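The values are calculated or read from the model by the stated rules, or taken from the named source; none is laboratory data. As the structure is a computational prediction, the values presented were derived from the model and not from experiment. Positions of Cβ are backbone-derived with ideal geometry, glycine not excepted, and every protein chain shown enters the neighbour counts.
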Amino acid sequence: MEKFCVYGKLIAKEGKAQELAAYMQEVVKEMQNLDTCFCYILGEKADEPNSIYIYEVWESEQAHNDSLTLEVFQNLIAKARPIIAGIENLYKLTIFDGKASL
């Protein structure tokens, strides 16, 4: 059952967090169409108002990499790029067991 997990953070430019969150919510909608994406969760921390945390679980690292090349994803990233101040890849994990649902 091993799956690939990536946990990261996007940092919006000052005053652009809500706009970035809206773009990322569009990404979530698109991820629902991918059978290889098992979990794509967005979160925030009260003490980091410009940050959006992203937790993803994929069938494999290759499935994750393939998703980054999709036209819809590339278009959303192109729109969001001007308001992104930083990107941090916090962890890459191998998931060996668990349950996820919202």
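Just name the residue that is surrounded by the fewest Cβ atoms within 10 Å (Cβ to Cβ) out of those in region 47-73 that are more than 19 Å from F4 (Cβ to Cβ) and modelled with pLDDT under 95. Once the filter is applied, the top-ranked residue is E71.
Filter region 44-68 down to residues that are of a type in the set (F, W, Y) and over 20 Å from I83 (Cα atoms), then give me how many there are. Spell out the reasoning first.
Step one: filter region 44-68 for residues of a type in the set (F, W, Y), giving 53, 55, 58.
Among the residues that remain, those that are also over 20 Å from I83 (Cα atoms) are: 55, 58.
So the count comes out to 2.
Just a yes or no: is a residue in region 46-57 in a strand (DSSP E or B) and touching a Ser or Thr at 6+ places or on another chain (Cβ under 6 Å)? No, that holds for no residue. Is at least one residue of region 14-22 crowded, with 16+ Cβ neighbours inside 10 Å, modelled with pLDDT of 95 or more, of a type in the set (D, E, K, R) and under 12 Å from the mean Cα position of the chain (by Cα)? No, region 14-22 contains no residue that is crowded, with 16+ Cβ neighbours inside 10 Å, modelled with pLDDT of 95 or more, of a type in the set (D, E, K, R) and under 12 Å from the mean Cα position of the chain (by Cα). Scanning region 50-91 for residues that are of a type in the set (G, A, S) and under 11 Å from G8 (Cβ atoms) returns S51, G86.
Of all the listed residues (L76, L102, L34, L42), the sole one being at pLDDT below 95, surrounded by 14 or more Cβ atoms within 10 Å (Cβ to Cβ) and either out of contact with any Ser or Thr (no Cβ under 7 Å at 6 or more places or on another chain) or closer than 19 Å to A17 by Cα (or both) is L76.
From the list E44, E71, E48, E61, the lone residue that is touching a residue at least 40 places away in the same chain (Cβ under 8 Å) and of a type outside the set (A, V, I, L, M, F, W, C) is E61. Residues being surrounded by 14 or more Cβ atoms within 10 Å (Cβ to Cβ), over 15 Å from the mean Cα position of the chain (by Cα) and in a helix (DSSP H, G or I): count how many of those fall in region 80-99. Number satisfying all stated conditions: 1. If R81 satisfies every condition in (1) farther than 29 Å from E2 by Cβ; (2) in contact (Cβ under 8 Å) with a residue 12 or more places away in the chain but one, which is the exception? Here R81 meets the rest and fails (2). What residue, among those in region 11-33 that are touching a helix residue (DSSP H, G or I) at 6+ places or on another chain (Cβ under 6 Å) and outside any helix (DSSP H, G or I), is farthest from A85 (Cα to Cα)? Ranking the qualifying residues of region 11-33, first place goes to K16.
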